[in-house]
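The values are calculated or read from the model by the stated rules, or taken from the named source; none is laboratory data. Values in this document were obtained by computation on a predicted structure and should not be read as measured data. Glycine gets a Cβ as well: all are built from the backbone with ideal geometry, and neighbour counts include every protein chain shown.
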Amino acid sequence: MKIFPAIDIKDKKCVRLVKGDFDNKTEYEMSPVEQAGKYKDHGFKNLHIVDLDGAKSKQIINHKILESIATHTNLKIDFGGGLKSDKDVEIAFECGANQITGGSIAVKSPALFESWLSKYGSDKIILGADFKNRKIATSGWLETSELDLIDFIKQYEQKGISQVICTDISKDGMLQGTSNELYSEIIAQTNIKLIASGGVSNIDDLILLKEMEKDGLLQVYSNKIKVTKKGQPFVRNICMAFDVLLQRKQPDTPLFSMTV
């Protein structure tokens, strides 16, 4: 299992939304570029970036921040939010994204999304399957469809998708645990690489997710991994945490100090 930090960007700031509500957000002191640099300094190799402004406006907005992060770090970046055209995707890759995530576009313009999958390959294109009450949500979570989550994932697995980031909107930003039961269903019914997102708050959440892992097909994204200027990282010793997870042991002392 891999753990990736995530940065959600709105108005050029790092933010955390509660249940996807644009009016209910926490803003963080560090800029996205500073935050990404801290993640790099703490040993992370990957980064998930969400362009919330892009998701709401339906076009890529924060590509300059993406470019700056890619220029100043060696992080492998997955970028999503507002990718609605060939040009948007081209800009994302030109600005340093290693992968892109498409969610709303896969629902509303499946032919276009499938053309990206064909052009760039399944290692570059991730399916975004954000949901509420098992139904797929789109447009920065402002709209809910009638598409069943697992049926949606199976449909795209048949078309060649191998990676899916799955976020339970009701859990996101709440720091109250993840949708383990539903993630278990996805793992049991598909062979995709599942990226669990939303609700991760502590080592116990990670241990539970680790127990569900099948053949390495599980990754975890969290924008709760915050490194502050006071030097209090959510993951203070990520190597030790991984050792605990891999050995399936409960730590005797807390490995995490949280700043959210």
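Residues in segment 47-79 that are under 15 Å from the mean Cα position of the chain (by Cα) and modelled with pLDDT under 90: A55 alone. Scanning segment 1-11 for residues that are closer than 15 Å to N62 by Cβ and either part of a strand (DSSP E or B) or of a type in the set (G, A, S) (or both) returns A6, I7, D8, I9, K10. Considering the conditions (1) surrounded by 13 or more Cβ atoms within 10 Å (Cβ to Cβ); (2) modelled with pLDDT of 90 or more; (3) farther than 17 Å from H72 by Cα, D21 is excluded by exactly one of them, (2). Taken over segment 104-131, the residue count meeting the criterion of being buried (at least 19 other Cβ atoms within 10 Å of the Cβ), modelled with pLDDT under 95 and either part of a helix (DSSP H, G or I) or of a type outside the set (A, V, I, L, M, F, W, C) (or both) is 6. Might you let me know whether segment 70-86 holds any residue that is closer than 26 Å to Q155 by Cβ and either of a type in the set (S, T, N, Q) or surrounded by fewer than 18 Cβ atoms within 10 Å (Cβ to Cβ) (or both)? Yes, segment 70-86 contains a residue that is closer than 26 Å to Q155 by Cβ and either of a type in the set (S, T, N, Q) or surrounded by fewer than 18 Cβ atoms within 10 Å (Cβ to Cβ) (or both).
For G82, the test of being under 17 Å from the mean Cα position of the chain (by Cα), closer than 17 Å to N62 by Cα and not basic (K, R) is passed. If you check A137, A129 for being closer than 17 Å to S197 by Cα, in contact with a helix residue (DSSP H, G or I) (Cβ under 9 Å, 6 or more places away or on another chain) and in contact (Cβ under 8 Å) with a residue 60 or more places away in the chain, only one passes: A137.
Of all residues in segment 48-72, exactly one satisfies the criterion of being farther than 20 Å from V15 by Cβ and in contact with a strand residue (DSSP E or B) (Cβ under 9 Å, 6 or more places away or on another chain), namely A70.
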